[in-house]
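See structure below.
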Amino acid sequence: MPGNLEPLDLGIQIPYHFRCPISLDLMSDPVTVSTGQTYDRTSIESWIAMGNTTCPVTRVALSDFTLIPNHTLRRLIQEWCVANRSNGVERIPTPKQPADPISVRSLLSQASAISGTHVSVRSRAAAIRRLRGLARDSEKNRVLIAGHNAREILVRILFADVDAGREFSSSELVSESLALLVIFHMTGEECESIASDPGRVGFMTRLLFDSSIEIKVNAAALIEMVLTGSKSTDLKVIISGSDSIFEGVLDLLKNPISSRRALKIGIKALFALCLVKQTRHLAISAGAPGILIDRLAADFDRCDTERGLATVELLCRLPEGCSAFGEHALTVPLMVKTILRVSDRATEYAAGALLALCTAEERCRDEAAAAGLVTQLLLLVQSDCTERAKRKAQMLLKLLRDSWPDDTIVNSDDFGRSEVVPF
């Protein structure tokens, strides 16, 4: 039933033929089965998915499982909703029709055709664009499209020029295939097939510097997907072992006009890159500390704030990372302010970063104390936060009181640190 309509409370009688015989709710997407009975699409699809092969009302065996949209009934329901708007009834939206296997196969065939024969680049791109529209409509459509080997086809299209040793030829085809590919979840094998090819890795990196912001964002999304999907540490090092890949990802974060999606994908990609500890120094030399603090002080949502703080802590595990973060005037006050403000995870990461910074430099200890860290830590050790966060708080309290030397055990990558794992 649309909105929060409660028939008994509002005294509205829903016409019997507007109700789904299965759920007894107002139908939003009425469809007719082979017996001529009409049901709400969600209800009848669930009925069939449970293994039932009969019509729920007539108990007659369904000759097939085709669901035909009942447009006439849907329009009548919409008109009834509009007539009862004053009573709190919301108009049901016109549903988008699900993809069918025949059209999906046809579009994939058109997309994978060789350009210059009977199909132009523009028509191939149009086919992929249509598939992307279907994929965005519903999870069911995405499953259907992926089930027709779409990911393998899209990877072939995206890297066709690289694999053939040709110059990059069609930005439209690359843009569309990349945008559709990142909608799907890739298997580990698919990710490693990309990560193990230097030409493909280099091509993904070049796309980070494309003139199209959409291509940049989707390239970062693919890089993050390939990094997290690959199990091989050696392959991860190869991907993250380039200065330019950090520069391209960080550009998404420092761009003042970046969209919310660009920022989200940018921080996910940076976090995935920084999980590879062999190449973290490249993030620092590319300017990640300053960019991270500027963004954390501005406009990240909760989940992105957690990723950002986790990345800060990872980079603080290097001496040059501590030095770079220590030089930013907002680092220490921001870390102190974050404790007990965002989430348990955020508190743990902020405490870990502060532990590394205060161990590295006396100036950071003075700044932290001036920012009210002691009070925050005393509250933290009495809170319901994680044991790791409390352990860090206790170490920080001791550090601020006794001024531990620089060679403290907290410089270890393992001791007293957060368990920073992929989100």
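The values are calculated or read from the model by the stated rules, or taken from the named source; none is laboratory data. Given the structure is predicted, the values throughout are model-derived calculations rather than measurements. Neighbour counts are summed over all protein chains in view; Cβ atoms, including those assigned to glycine, are modelled from backbone coordinates with ideal geometry. Remember, those area values only see protein heavy atoms, side chains included, never the ligands or the DNA or RNA. Shrake-Rupley method; radii C 1.70, N 1.55, O 1.52, S 1.80 Å.
Hey, residue 348 hits all of (1) assigned to a loop (DSSP other than H, G, I, E, B); (2) buried (at least 17 other Cβ atoms within 10 Å of the Cβ) but one; which does it fall short on?
The single condition residue 348 does not satisfy is (1).
Filter region 166-213 for residues that are of a type in the set (Asp, Glu) and in a loop (DSSP other than H, G, I, E, B); which is least open to solvent (accessible area, probe 1.4 Å)?
210
Tally the residues that are under 13 Å from residue 240 (Cβ atoms), open to solvent by 20 Å² or more (accessible area, probe 1.4 Å) and outside any helix (DSSP H, G or I), restricting the search to region 259-314.
2
Restricting the search to region 54-112, which residues are part of a helix (DSSP H, G or I) and in contact (Cβ under 8 Å) with a residue 40 or more places away in the chain?
Across region 54-112, the qualifying residues are 73, 74, 76, 77, 80, 81, 87, 101, 104, 105, 108, 111.
Only residues in region 126-149 that are assigned to a loop (DSSP other than H, G, I, E, B) count as the first member; pair them with residues that are of a type in the set (Gly, Ala, Ser), Cβ under 9 angstrom, at least 6 apart or cross-chain, and list the lot.
138/99
So which pairs qualify, if the first residue must be in region 265-282 and free of Cβ contacts under 8 Å to residues at least 12 places away in the same chain, the second must be crowded, with 20+ Cβ neighbours inside 10 Å, the Cβ gap must be under 6 Å, and the two must be at least 6 apart or on different chains?
So the pair list comes out empty.
Quick one: is residue 334 open to solvent by 10 Å² or more (accessible area, probe 1.4 Å), of a type in the set (A, V, I, L, M) and either assigned to a helix (DSSP H, G or I) or touching a Phe, Trp or Tyr at 6+ places or on another chain (Cβ under 6 Å) (or both)?
yes
Select from region 223-247 the residues that are open to solvent by less than 30 Å² (accessible area, probe 1.4 Å), under 17 Å from residue 199 (Cβ atoms) and not polar (S, T, N, Q) and list them in ascending order.
The answer is 223, 226, 235, 239, 245.
Checking the condition of a type in the set (A, V, I, L, M) and loosely packed, with under 14 Cβ neighbours inside 10 Å, which residue from 57, 104, 82 passes?
82
Restricting attention to region 150-159, report how many residues are open to solvent by 30 Å² or more (accessible area, probe 1.4 Å) and either touching a Phe, Trp or Tyr at 6+ places or on another chain (Cβ under 8 Å) or free of Cβ contacts under 8 Å to residues at least 12 places away in the same chain (or both).
Qualifying residue count, region 150-159: 1.
Are any residues in region 12-29 outside any loop (DSSP other than H, G, I, E, B), buried (at least 19 other Cβ atoms within 10 Å of the Cβ) and without any contact (Cβ under 8 Å) to a residue 60 or more places away in the chain, and if so, which ones?
Answer for region 12-29, where residues must be outside any loop (DSSP other than H, G, I, E, B), buried (at least 19 other Cβ atoms within 10 Å of the Cβ) and without any contact (Cβ under 8 Å) to a residue 60 or more places away in the chain: there is none.
If you take the residues of region 66-103 that are modelled with pLDDT of 90 or more and among the hydroxyl-bearing types (Ser, Thr, Tyr), which of them is nearest to residue 42 (Cα to Cα)?
It comes out as 72.
So, of the residues in region 323-340 that are in contact with a Ser or Thr (Cβ under 8 Å, 6 or more places away or on another chain) and either of a type outside the set (Ser, Thr, Tyr) or within 13 Å of residue 392 (Cα to Cα) (or both), which turns out to be modelled with the highest pLDDT?
This residue is 325.
Which one of 51, 36 is within 26 Å of residue 146 (Cα to Cα), at pLDDT 90 or above, open to solvent by 40 Å² or more (accessible area, probe 1.4 Å) and in a loop (DSSP other than H, G, I, E, B)?
Unique residue meeting the criteria: 51.
Looking at region 361-404, which of its residues are open to solvent by less than 80 Å² (accessible area, probe 1.4 Å), farther than 17 Å from residue 330 by Cα and part of a loop (DSSP other than H, G, I, E, B)?
If the condition is that a residue be open to solvent by less than 80 Å² (accessible area, probe 1.4 Å), farther than 17 Å from residue 330 by Cα and part of a loop (DSSP other than H, G, I, E, B), then 383, 385, 386, 403, 404 are the ones that fit.
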